[in-house]
Each structure stands twice: as structure tokens, then as C-alpha cells.
1. Taking every pair of distinct Cα atoms and averaging 1/r, then inverting, what Kirkwood hydrodynamic radius in Å comes out for region 80-166?
2. Considering only DSSP beta bridges where both residues belong to the chain, give the percentage that are antiparallel (nearest 5).
3. Using a cut-off of 9 Å between beta-carbons, work out the net charge of the residues near Arg193 (Lys and Arg +1, Asp and Glu -1, Arg193 not included).
4. Treating the beta-carbon of each Lys and Arg as +1 and of each Asp and Glu as -1, no other charges, what is the dipole magnitude of the chain about its Cα centre, to the nearest 20 debye?
5. Taking springs between alpha-carbon atoms closer than 10 angstrom, which of Val142, Val226, Val303 fluctuates most in the Gaussian network model of the chain?
6. Just to check I understand the Karplus step: with θ = phi - 60° and J = 6.51 cos²θ - 1.76 cosθ + 1.60, what whole-Hz values come out for region 107-112, glycine and proline as x?
7. Helix 264-273 sits at what angle to the longest principal axis of the chain, using alpha carbons and giving 0 to 90 degrees rounded to 10?
8. Using +1 at the C-beta of Lys and Arg and -1 at the C-beta of Asp and Glu, which of Ala9, Cys107, Asn94 has the Cα lying farthest in the positive direction of the dipole of region 1-143?
Amino acid sequence: MPRLSYRRALTRALADELARDESVFLLGEDVQVGASLVTTGLAKRFGTDRVRDTPLSEQAFTSFATGAALVGLRPVIEFQIPSLLFLVFEQIVNHAHKFPLMTGGQCAVPVTYLVPGSGSRTGWAGQHSDHPYSLFAHVGVVTAVPATPADAYGLLVTAIRHDDPVVVFAPAGAMDVRADVAALEPVPLGRGRVHRHGDDVTVVAVGHLVHDALAVAEELAGEVSVEVFDPRTLYPFDIDGVCESVARTGRLVVLDDANRSCGIAAEIIASVVERVRLLAPPRRVTRPDGAVLPFAPALDRAVQPGREQLTTAIHLTMKDGS
């Protein structure tokens, strides 16, 4: 099985879709030189007409992509920094997302918004380290957060082929993950994945935190049987898959690298407790309320959820339900 990095999986997905469909094109700031190391080599292979550098005006080129999609093209926009999505939230949510709905399906807006390096990137500070995926899930925009190289490839390919807007968050913590990949194929939206089966507690982990959850599950294997569930997409969300897992284990912990209040972790817990009777109160491991990540690396790491916090949450959940 060939070994593939998460970053190269994104590049491969873009290259494969550019080659497969002439209506696909890529735009963003410095995509021709591959500033994010995701689009490297694509301009040379496919030409600068299809891999287009843009001015430093996110509102302008995001609206441009909406117009291009309305006339039959399939734009992919790369955002170098996740916080740039705040600048274009109106263009995505009020225009691209709503046009098909408000026209009764008479138009399609197949735009993919790719955010390579979402979340903290070691001291990039407050305006560069957000993980705003819950905002897009809240308003109903298709939102994907792949954790592995295979899912990074598969979800990005599916996003590009989808007829509605899709935001793909590629977490900074996953970009250098490498894995043996037997086959690269599209991954369906709204279908989660059990990475590790267990009997005592279900840990739902978002994005790169899947790898931390798996490490903790291995460390606790002698005392707690941990099941690790990766939703892969946050909207649509595989609530049936999560509930099936929790119904077997009876306990739930959610690991989410976003702010606590109004985060996806709270939504997952609320959705599960509406359907499943738990043996113990659920717990969530997240960033603090209203967190803004500091520049200092030690403080940056202190604000993010980690393995130690997850281990504590699992122990407390097991104790509460004993």
C-alpha cells in the first residue's frame, strides 16, 4: 500500500478533479506558487487560466466564484487562513448557499471552499487559529472536516462534485499525518466512521483530534474499552451512526478543537441525549468559552483540547456511570 500524507492527498484530489472535469478551476491567493504547499505544481500542469492567483480581496473572489458557478463552472477557492472565512461569511451563506433554495432549485452553486491549515499552527495567534466549522454547520452549509489522508482525498473530491457549496476544513494538526492508503475514492457526505471499536465509552472526535483519541484509547486499553467515532462531516451529520455507537457503550465524550459555547460538541451531545439513555452524564473536551489563541506557543497549546483532558473526561465518565 502506498504511503500518503494528508497534504499530498489534498493535492492529489485537486489534480484528479482538474484532470477529470474541465469545468473545475482553482483560485486563491498565491495558489500558483503553492504557498500552502497544497497547490504546488498545479499551475504548471493545468495552466494559469485554471489555477488563478487572485488579488487580496476575499469578498471579491468569493463572489466571483459564485457567479462562475451559476454559469456552469466548478470553482475551488483556497483560503490560507481560517479567519478569512469571517470576511466572506455573507457571500457564502447569504448568496451561494441560498440562491438554489430561493430559486426552487433552478440554479446550482457548486463552489468548494478549502481551508488547508485550519486551527492552530504553532504560534499563529488569535487572528489565524480559529476553527469556525460550527458556524457553517449551523446555517446548513455542507461542512467537512477530514482526519485522515484517505478521507481528505475522498471528501474533497466529493465536495468538488457536489452541486451545492461545501466548506472543507483541513486541520493544521492533520496536514502532516501519513498513512498507508490502499485506494483513493470519493467519501460520501453525512457518513461517519468508527476508527476503533470499544464497549465502555464512545469518544466522538472532530478532525485531527481523531488521532489523539486513538492514542488515548490505546493507552487506556487495559482499563477502559474506548470506541472512537469520526463524523467526517458536521453537516450533514451522521447522528444515526453516533447513536448506534452510544447505544452500545452507554457513555459519550466529545473532543472538539473549537470554542465551548455553541460549538459542535454541544450539538452532538444534545442530539444524542434526545435519542439515547446514557449510563453517565456526557462530557465535552473543547477550547474554553470565547477562546482566542495566544501567540506564545505554551499558551497556545494550553488553550487547545488535548490527550490529558480527554483521559480525565473518560475516567470521570466511567466513574459517574459505575
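The values are calculated or read from the model by the stated rules, or taken from the named source; none is laboratory data. Just so it is clear, the model here is predicted, and its values are computed rather than measured. FYI the Cβ positions are ideal-geometry reconstructions off the backbone, even for glycines, and counts take in every protein chain you see. Just the protein is used for accessible areas: all its heavy atoms, side chains included, with ligands, DNA and RNA removed. Shrake-Rupley method; radii C 1.70, N 1.55, O 1.52, S 1.80 Å.
1. Values: mean 1/r = 0.0720 Å⁻¹.
Here the Kirkwood hydrodynamic radius works out to 13.9 Å.
2. For the chain, the DSSP antiparallel bridge percentage is about 20.
3. Within the 9 Å Cβ shell, the charges total -1.
4. Details: 29 positive and 37 negative charges, 39 e Å.
For this selection, approximately 180 debye.
5. Val303
6. Going residue by residue, I get 9, 10, 10, x, 10, 10 Hz, with x marking Gly and Pro.
7. Orientation of helix 264-273: about 50 degrees from the principal axis.
8. Ala9
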